[in-house]
Amino acid sequence: MGHPSTPSGPPGSSPGESSGGRSPKLTVHGLRDTWATLAMGSGVHAVVVKERLGHSTITITFDLYTHSTQVMDADAAATVAARVFGR
C-alpha cells in the first residue's frame, strides 16, 4: 500500500529536486492562495476576491496578495499608455 508523500526539499526548491521526483503536498490553503492569486492576476476585482475569501477588510486581501497587484501594475500602465498614446 502507498504512503502519502511529503516534500523534503527546502522551501522554494523545485518539485522533484530533492523529494525523489514526487510532487509537493497539495493543501486546501495552497488551493485557496492559488485561486486568489489567479483571480487577482486575471482582473477579478479585489472586492470580489475579498468577499470570496471571507476577509473582513480589503486591507487584508491587499496585504496578502500584493505580489499579484505588483505584476498587474505593469499591465495597467501599459494599458493606459496604449489608450493615451493610441498604440
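Derivation of every value follows stated rules applied to the coordinates shown; laboratory data play no part. Everything quoted here is computed from the prediction, not taken from an experiment. Cβ coordinates were reconstructed from backbone atoms using ideal geometry, including for glycine residues, and neighbour counts include every protein chain displayed.
Between Val47 and Val80, what is the FRET efficiency for a Förster distance of 22 Å, r being their Cβ-Cβ separation, to the nearest 0.05? Mind dumping the intermediate values first?
Working: r = 21 Å, r/R0 = 0.95.
For Val47 and Val80, the calculated efficiency is 0.60.
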- [ ] Treating the Cα atoms of the stretch 35-87 as identical point scatterers in vacuum, please give the log10 of the normalised Debye intensity I(q)/I(0) at q = 0.14, 0.31 Å⁻¹, two decimals.
- [x] -0.40, -1.16
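Could you work out the local net charge near His67, counting Lys and Arg as +1, Asp and Glu as -1, over the other residues with Cβ closer than 12 Å to its Cβ?
Spelling it out: positives minus negatives among the neighbours equals -3.
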